[in-house]
Amino acid sequence: SFTGPLIYAAAPELAAGQTPVAARLPRAIGTSQIANWLDCRRKFYYAGLLRIGSDVRTFKPKLGNLVHKTIQEFHLAVRGFQAVPEGAPATWAARLQEIARALVASDPKFGFDSALENRAAIRAADRLLERYAYELEAAARRSAGGFEIVGTEESVAYEHAGIALSGKIDRIDRRPDGSLVLVDVKTGAFKRDKAMTAAFPKLAAAAAAGDLWIKATPPANPQLALYRFAKPQTGSL
């Protein structure tokens, strides 16, 4: 319990102000950390530079890892989406769900903290993977001639604005004209297509102008726009 006033006492041994100094980054910064830079400079400093964080993996990150690994395994065999046979999305969904269950059963990395969490994760993964299967069909129908998946979870290292960056691109599609489409798979809240369609050109323009480093609230997550610098053949995000 608290019964008295709080008193602030300045520390006389500390200077009133300190001059900022440049620091050389000891390693490439993960592209995902740029979102931290834009969101909170302190979070970026501790997580991105000092790499101080919790080793505890919570439910949502573990679910995300499971979904991403499942999609990667699925596309080792299924890469061509130039045409979509009748009933294909349901077949893809069933195969994706089968892979997710096999990963949870066989790989300790995807084990959850309890039987209850395990069941909840499988249910959530089933819904997400089914939606992913139908989105594959929609993407194939949107693009004249469909597409071929040429990379999943591809590690990249590149430089932008003098900063060495590294990251992992969830999916890379190649269109019939040879241009690439970068896809970022999210397992969080669903984003409205219209809002995303409006946001990404603004984001790409901010990245091209160097404004990502100073803009307080970017129009969308900067990862995909930055990955364009790693994949110059990119036609869309």
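The values are calculated or read from the model by the stated rules, or taken from the named source; none is laboratory data. What you see is a predicted model; the values in this text were computed from it and never measured. Here Cβ is always computed from backbone atoms with ideal geometry, including for glycine, and neighbour counts include all displayed protein chains. For the accessible areas, the whole protein counts, side chains as well, though only heavy atoms, and no ligand, DNA or RNA atoms are used. Shrake-Rupley method; radii C 1.70, N 1.55, O 1.52, S 1.80 Å.
Fully extending the segment from residue 43 to residue 24, taken as 0.36 nm per residue of separation minus the present Cα-Cα distance, adds 5.0 nm. Surface composition of region 46-188: carbon and sulfur make up 52 percent of the accessible area, probe 1.4 Å. Taking label positions 7 Å along the Cα-Cβ direction at both residue 73 and residue 175, the computed distance is 3.3 nm, reported to one decimal. Computed from backbone phi with θ = phi - 60° and the Karplus coefficients 6.51, -1.76 and 1.60, the 3J(HN,Hα) list for region 78-92 is 10, 10, x, 10, 6, 8, 10, x, 4, x, 4, x, 5, 5, 4 Hz; x is used for glycine and proline.
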